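Structure record follows, encoded as structure tokens.
Read-outs: derived from the displayed coordinates by stated rules, not from any lab. This one's a predicted model, so the numbers in the text were calculated from it and none came from an experiment. As a convention, Cβ positions derive from the backbone with ideal geometry for all residues, glycine included, and neighbour counts pool all protein chains shown.
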Protein chains: 2
Amino acid sequence: MKPFFKVTDLASVLKLVPGFEPVETESAGLLEATGRILATDIFSEHDLPGFARATMDGFAVRAASTFGASEANPAYLTVAGEVAMGESPSFTVVTGQASRISTGGMLPKGTDAVIMVEHTETLDDTTIEAYRSVAPGQHVIAAGEDFLKDKIILTAGQILRPQETGLLAAFGHRDVTMYRRPIVGIISTGDEIVPINQLPQPGQIRDINSYSLSGQVRNAGGVPIPYGIVADDYPALFEMCQQAIQQTDMVLLSGGSSVGMRDFTIEVLSNLPDTEILVHGISISPGKPTILARSSGKAVWGLPGQVVSAMVVFKAVVLPFLEHVAGLIPGQRCLPTASARLDRSLASAQGRTDFVRVRLYRKDGSLQAEPILGKSGLINTMVKADGLIQIDINTEGLDKDTLVAVIPL
Amino acid sequence: MKPFFKVTDLASVLKLVPGFEPVETESAGLLEATGRILATDIFSEHDLPGFARATMDGFAVRAASTFGASEANPAYLTVAGEVAMGESPSFTVVTGQASRISTGGMLPKGTDAVIMVEHTETLDDTTIEAYRSVAPGQHVIAAGEDFLKDKIILTAGQILRPQETGLLAAFGHRDVTMYRRPIVGIISTGDEIVPINQLPQPGQIRDINSYSLSGQVRNAGGVPIPYGIVADDYPALFEMCQQAIQQTDMVLLSGGSSVGMRDFTIEVLSNLPDTEILVHGISISPGKPTILARSSGKAVWGLPGQVVSAMVVFKAVVLPFLEHVAGLIPGQRCLPTASARLDRSLASAQGRTDFVRVRLYRKDGSLQAEPILGKSGLINTMVKADGLIQIDINTEGLDKDTLVAVIPL
């Protein structure tokens, strides 16, 4: 008797994400931080900047000294000194005085604004004319204007972009506590699969999935470890699964698209210690025969062997799990998709979530999405595609010119 | 007398891209290929697949043997054998016969279609009933259907996504000729800048740009080399520029936002051997005081010191040069931007290209862009921003609800 096979819908599968634990944390140098996921909240330990800075070259003044100044009626100011970059000015500027200052310089005591050098005329070594009036705070970044002391400035679980890395630099974090990169074991299965350095004989095909899945893992911030190819041999697959589960944070088995091979994968997974089959079949296309098990707390996936199916399932199903295991909090990426107009109608079966490959092109300035239909064994369709569009489970199809969200591939 | 300072418009600056040479090539392992840039055209050395494969589990048949078959009037077929995975079947299947086959199996001689196992009934060891007719080619990937022999399948200068990496695996390319990653030297200048492990004294600020620019270089596929901080000291900056130009493929100087410091940078660059100042000021905002020189054939940039300006100039101006130096051919990225509706009107000066930081949010299902206005010395504006929008040089402003392209940050 075959094991009970009841497909799960995509939304229900994604609800299983919190059932897995994020990886541990580690300390990493700030130059390696961009693209990594922060593991602690970061507080501002001081005001940023710590002092009022000029944003223009010119003269630091008490703004009131310039009130009413104009081309016709300039204000005459006495030069009280010059601010040296990187130093705290020792002098004080009073009403009627001005101090030379460069962009980034610290405002001397008594000043609250900067008048641009272009709006002044130097009369002699100690006197300038100011042709404009400036308001208090003009051309100045106030102390604490960027960040005030003792606030949360970055949150555990957020991904560090270059600007967040820069912010950590501003607060002196030379080393940062991050989630370590999750390690993902990749095992290709099937008697027909040969290593890529072998010339395939009739009936054989090279191992594509180890490489395409490794690329996807790497793009997701993980570290792929390919374990190579296992033939349809129970003890060999059992042994390799056990090893991969011990050594990694997640395991991707690919191949075994045939019913027999799927049963074989299920049999191996069912007999692994501390292992539960969570999902056996998902109502998505392509990718229906996907298996998810939890083994020693780790997600073990049985992905379809067809190259397109394996890649689509990775993008649509595995990725949210991997991001969670990597420590990412949800809703981090506000820019996931481009929008495009579908350039033809697409039918879809209800009761199933479809992922359709699309090529994008511009027509009259608008982005158009052309569906690339083709068998899920054809990698050329993925090479031609720029992205995927999702047709939801209760949608019968999409009309031409529908605005669709495109998940980049 | 100050050097002549004539700002260049952005389009004219970008026309200088081809004046720089891409980096050399190197061989890299296929597991490291994703995200790298291919340096040679790749040809298909054989058909892919090399033989006709089943895409379903079932029976390989001569399609004609099933013509007219239905539930009411099944075709009776004799089982002539079973295709072993990864092997070339030794037998031939004639009309009226069928051969068991699994997904991915090689079609035996004489067959041109597969009938799904669900559409058959096994009567005994050697006889099945087929309830459907199949057309020639049904449930089969033909030899060469994915790629035909002797075609260009990938082009020099294209970036390798996971699917291109998979395609290289399919054709047995264990090592691939890529452009090496461009090395980008980063030098921070200014007497007010201190290393990030120092507590800034009044008047001082930590070196943010070395870290934010390193992150941007890394995200662009380059290798950042921070050279640290140089004070406003002619021999020191001259020496460090010379060293960086010798050791890297591109140099980013940041800091020196003051007029005096800009003049100083220009003076150093002008006196370097084999160096020509190409651009001294660009009509963009932020980022107007940007300098571009060509020194020993390499691009040397004088970026503004303000953190926002430096990052925006990197994204809008430096990146196209860096991608060219990295070997990327133009037009590679079809999914550069998301589209959003501007949630308020924005004014812009004509004669200048504006880059405005925006935060994205969803409202009634549509993506809205909220401009984040703020001084270019405030890194918090970059941390809040999801992207940049560009207001072109001849545009006076953008109305509320205008659909804008958002460059992700």
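Residue by residue along A:44-51, Cβ atoms of other protein chains within 10 Å of the local Cβ number 4 on average.
Each copy carries A:D263; placing its label point 7 Å along the C-beta direction from Cα gives inter-copy distances of 8.6 nm, listed from smallest up.
Residues whose amide H comes within less than 5 Å of that of B:R206, counting only those at least five positions distant or on another chain, are B:V194 (H built at 1.01 Å from N in the peptide plane). Spread over its residues, the convex hull of the C-alpha atoms of the protein assembly as shown is 169 Å³ per residue. Across peptide B:156-164, the average count of Cβ atoms from other chains found within 10 Å of a residue's Cβ is 6.
Scalar couplings 3J(HN,Hα) for the stretch A:367-384, obtained by applying the Karplus form with A = 6.51, B = -1.76, C = 1.60 to θ = phi - 60°, are 7, 10, 10, 9, x, 10, 8, x, 4, 7, x, 9, 5, 4, 5, 6, 6, 6 Hz; x denotes Gly and Pro.
Report the calculated FRET efficiency for A:E121 and B:R344 (r = Cβ-Cβ distance, R0 = 51 Å), to the nearest 0.05. With a Förster radius of 51 Å, E is 0.85.
When the inverse distances between all different Cα atoms of the stretch A:293-375 are averaged and flipped, the Kirkwood radius reads 15.7 angstrom. Percent of C-alpha pairs per 10 Å bin in the stretch A:53-141, short distances first: 22, 59, 19, 1.
Between the alpha-carbon centres of the stretch A:347-380 and the stretch B:229-295 there is a gap of 47 Å. Based on C-alpha pairs under 8 angstrom that are at least 6 apart in sequence, chain A has a relative contact order of 17 percent.
Note on A:171-177: average number of Cβ atoms from other chains within 10 Å of each residue's Cβ is 3. Taking label positions 7 Å along the Cα-Cβ direction at both A:S296 and B:T155, the computed distance is 4.8 nm, reported to one decimal. Placing a label point 7 Å from Cα along the Cα-to-Cβ axis, A:D9 is separated from the same position in the other copies by 5.4 nm, shortest listed first.
Please say if the stretch A:74-201 is rounded, prolate or oblate, where rounded means a/c under 1.5 for a ≥ b ≥ c the square roots of the C-alpha gyration tensor eigenvalues, and otherwise the choice is prolate for a/b larger than b/c and oblate otherwise? Prolate. Computed from the alpha carbon atoms alone, the convex hull of the stretch B:338-408 holds 78 Å³ per residue.
For A:K298, which lysines qualify as cross-link partners when the Cα separation must be under 27 Å and same-chain residues fewer than eight apart are set aside? Cross-link targets: A:K2, A:K6, A:K15, A:K288, A:K315. Each Lys or Arg adds one and each Asp or Glu takes one away; over the other residues whose Cβ falls under 12 Å from the Cβ of B:Y131, this sums to -3. Packing-based ranking of A:289-296, A:104-111 yields A:104-111, A:289-296, ordered from highest to lowest mean Cβ neighbour count within 10 Å.
Temperature 4 °C, viscosity 1.567 mPa s: under these conditions the Stokes-Einstein estimate for chain A, based on its Kirkwood radius over C-alpha pairs, is 50 µm² per second. Net charge in the neighbourhood of B:A28 (other residues with Cβ under 9 Å of its Cβ; Lys, Arg +1, Asp, Glu -1) is -1. How charged is the neighbourhood of B:Q368? Take every other residue with its Cβ under 15 Å from the Cβ of B:Q368, and add Lys/Arg as +1 and Asp/Glu as -1. Its environment carries a net charge of +2. For the stretch B:302-312, the Karplus equation 6.51 cos²θ - 1.76 cosθ + 1.60, evaluated at θ = phi - 60°, returns couplings of x, 8, x, x, 4, 4, 5, 4, 4, 5, 5 Hz by residue, with Gly and Pro reported as x. Residues considered: B:D146, B:D354, B:D386. Largest GNM mean-square fluctuation over chain B, using C-alpha springs under 10 Å, is found at B:D146. For B:N73, inter-copy separations between label points set 7 Å beyond Cα along the Cβ vector come to 10.7 nm, shortest first. Here chain A is assigned +1 on the Cβ of each Lys and Arg and -1 on the Cβ of each Asp and Glu. Its dipole about the Cα centre then comes out at about 1240 debye. Grouping the Cα pair distances of the stretch A:245-388 into 5 Å bins from zero gives a pair-distance distribution of 2, 9, 16, 18, 18, 15, 11, 6, 3, 1, 0, 0 percent in increasing distance order.
Couplings 3J(HN,Hα) of the stretch A:128-135, computed from phi: 10, 9, 10, 9, 9, 9, 10, 8 Hz, in residue order, whole Hz [Karplus 6.51 cos²θ - 1.76 cosθ + 1.60, θ = phi - 60°; x for Gly and Pro].
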